[in-house]
Amino acid sequence: MNIILYLINLVQQLFAQNQYLINFICKYLPVKQMVHDDSRSPKYQKLKVDELPVIKQRYKQDWQFLLKYYEWKYHKVIKPVSRRSGKNTVPEGTVCPICGAPEIYIYDNNGGKGQYQCKVCGNTFLNSNCDYERMHFCCPYCGHTLIAVKNRKFFRIHKCVNPECQYYLRNLKKVNKEDLNSKFKYKLHYIYREFCIDFFEMNLDSLPKNASSLNFTKNNSYIMSLCLTMHVNLQLSLRKTAMAMKDLYGITISHTQVANYCRTAAVVVKPFVDNYPYEKSNKFTADETYIKVRGVKSFVWFVMDTVSRSILGYVASENRTVAPCIHVMRMAFKGWSQLPENFKFIADGYSAYPLAAIQFFERFGEKFKFAITQVIGLTNDDAVSTIYRPYKEMIERLNETFKATYRPTTGYENIDGANYSLSLWVAYYNFLRPHKAFKYHVLNYVRELDEAENMPAKWQMLIYLGQQKILELQNQRIE
């Protein structure tokens, strides 16, 4: 009886304690955590991509018409600029590039530093020979015209320099008082990146360089498929592959010839892998990882379907810019005229992914409008990370699987060699490799490959399917 009373008393104490904790959480901690917004800390503002600016159109004007219109409407005449002390700081022959007003209607707008203002149309310009821009970008928060401050390889950076912009003032309040003297370290102003090249002009079906023939003079296709099995499937280096061929089969072959076989197979197999009709879901995940090319850090990009686990986009690049990011996204979206409903694209906090999403929206409109779900950090500090962390870990596991095959190479000689090796590995991963998550079956079933007796025969069949796909693409171009 005493034990029952003790347990009842203990339950009541635990209930009271739980009630206190629930009240504390509801009062001081938000139950529904905010979606991760790196604007909460200005230190991470550089990882944030701002919304699109307001684009305004400007048209050429006639200064003589403007003079007559002003006189008709206001019954006043616009007089020429009255120079102070008769000193003219405007160079002779200066003409307004917008309305064509002559020198007598031009102000020196900043004390001889090169900026001028037209008294007729009111526009400012640097010199009369500057390029006339019909469109200009405006800040979506204050309406101030953006200033081009930097030129990069693929884009131009436009910045809002208005000190009264609410976006700037809001971010300035978040800077600690002791850091106000070094506020230049933070991204406080609104910034827009205007890309100067078209990332969608490149043909994804173009064949890589150094495509060689499959006419064998010394060995045959079976020897080639044996080399592919050892190098790609068994993760042997080129020299160890040549050594294994000598020790196991008595076939003398150099590691250079093994590399030629792999390059030729990659050229032939890649069109089949890239144009295969994958079953795609509405959730993709992407990430990039590091490799070495002649000792210099380079990058490999992956886009993966979270349901089928197939690699839909892949590329090796020398830089970590928006261009390779858009390239792998185009490969992943291949065959789609529009995105499916409730589409999710999960990536890390790198700003290249939101910038690439903006480029798809500007190019294709609402059909390819999507937001990047960013999983930031290694711990679940927000609601987004808690929900989408498994998808991020999925692509991180893929990176580790690729790195296991990359390490025996100790780096690549050039970026083309990295792409050849990557193409072979993706072909193996998508069509030949058994996966534990799918009960040790391949990710994508191909009937012709299933009929092959062993792995070298499957590589021969995969090369044959690649040749057929190349002929099909060539016929489509002719038609």
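Please treat every number below as a calculation from the coordinates, not as lab data. Computed from a predicted model, the values in this text were never measured in an experiment. Heads up, the Cβs are rebuilt from the backbone with ideal geometry, glycines too, and the neighbour counts pull from every protein chain shown.
What whole-number distance in Å separates the alpha-carbon centres of the range 292-306 and the range 353-368? Taking the Cα centre of each part, the range 292-306 and the range 353-368 sit 23 Å apart.
Classified by the C-alpha gyration tensor, the range 138-196 has an oblate form. Its axis ratio a/c, with a ≥ b ≥ c, is 1.5 or above, and a/b does not exceed b/c. Fewest neighbouring Cβ atoms within 10 Å first, the residues Trp459, Trp72, Trp425 line up as Trp72, Trp425, Trp459. Seen from Tyr429, the other residues with C-beta closer than 14 Å to its C-beta sum to a net charge of +4, counting Lys and Arg as +1 and Asp and Glu as -1. Under the simplified labelling scheme, the Arg84-Tyr222 pair shows an inter-label distance of 9.4 nm, with each label point 7 Å from Cα along Cα→Cβ. On the beta carbon distance between Glu472 and Ser281, with R0 = 25 Å, the FRET formula returns roughly 0.40. If you take the Cα centroid of the range 453-479 and the Cα centroid of the range 231-283, the two points sit 15 Å apart. Amide H contacts under 5 Å for Gly313: Val303, restricted to partners 5 or more places along the chain or on a different chain, H placed in the peptide plane at 1.01 Å from N.
With 26 Å as the limit, the listed pairs Lys270/Lys334; Lys60/Lys119; Lys436/Lys458; Lys187/Lys403; Lys280/Lys469 have Lys187/Lys403 beyond it between alpha carbons.
Could you state the angle between the C-alpha long axis of helix 255-274 and the longest principal axis of the C-alpha atoms of the chain, as a value from 0 to 90 degrees rounded to the nearest 10? For helix 255-274, the angle is close to 70 degrees.
Residue order for Phe24, Phe299, fewest other beta carbons within 10 angstrom first, comes to Phe24, Phe299.
Residues with beta-carbon under 10 Å from that of Arg156, excluding Arg156: net charge, scoring Lys, Arg +1 and Asp, Glu -1?
Details: positive: Lys150, Arg152, Arg193; negative: Glu194.
It works out to a net charge of +2.
Less than 5 angstrom separates the built amide H of Tyr412 from those of Lys292, Val293, Arg294, Gly295, all sequence-distant by 5 or more or on a different chain.
The label-point distance for Val296 and Leu14, in a model that sets each label 7 Å from Cα toward Cβ, rounds to 6.4 nm. Each of Leu66, Val328, Leu5 was scored by the projection of its Cα onto the charge dipole of the chain, and the greatest displacement toward the positive side belongs to Leu66; charges sit on the C-beta of Lys, Arg, Asp and Glu.
Helix content alone sets the calculated 222 nm mean residue ellipticity of the chain: runs of n ≥ 4 DSSP H residues at -39500 (n - 2.57) each, divided across all residues, give -12000 deg cm²/dmol.
Order of Val11, Val232 from fewest to most other C-beta atoms within 10 Å?
Result, fewest neighbours first: Val11, Val232.
Evaluate E = 1/(1 + (r/R0)^6) for Asn109 and Asn2, where r is the Cβ-Cβ distance and R0 equals 60 Å; express this FRET efficiency to the nearest 0.05. Taking R0 as 60 Å, the efficiency between Asn109 and Asn2 is 0.05.
The GluC sites (Glu not before Pro) of the range 253-357 that meet both conditions, a loop assignment by DSSP and at most 14 other Cβ atoms within 10 Å of the site Cβ, are Glu279, Glu318, Glu341. As a calculated quantity, the FRET efficiency between Glu341 and Arg170 at R0 = 30 Å, using C-beta atoms, amounts to about 0.30.
The slack in the chain from Asn319 to His255, taken as 0.36 nm per residue of separation less the alpha-carbon distance, amounts to 20.1 nm.
Taking label points 7 Å from Cα along the Cα-to-Cβ direction, His435 and Glu451 give a separation of 2.5 nm. Show me the GluC sites (Glu not before Pro) within the range 343-452 that DSSP assigns to loop and that have at most 15 other Cβ atoms within 10 Å of their Cβ. Listed in order of number, the matching sites are Glu413, Glu451. With respect to the chain, whose longest principal axis is taken over its alpha-carbon atoms, helix 63-74 is tilted by about 60°. Its alpha carbons considered, the range 268-478 gives a radius of gyration followed by a Dmax of 17.5, 55 Å. With viscosity 0.692 mPa s and temperature 37 °C, the Kirkwood radius over alpha carbon pairs of the range 294-396 converts through Stokes-Einstein to a diffusion coefficient of 226 µm²/s.
Along the chain, the longest continuous region that contains none of the trypsin sites (Lys or Arg not before Pro) in a DSSP loop with at most 13 other C-beta atoms within 10 Å is 295-438.
The angle separating the long axis of helix 238-249 from the principal Cα axis of greatest extent in the chain is about 10 degrees.
Stretching the chain fully between Phe24 and Val54 yields a gain of 6.3 nm (0.36 nm per residue, less the alpha carbon separation).
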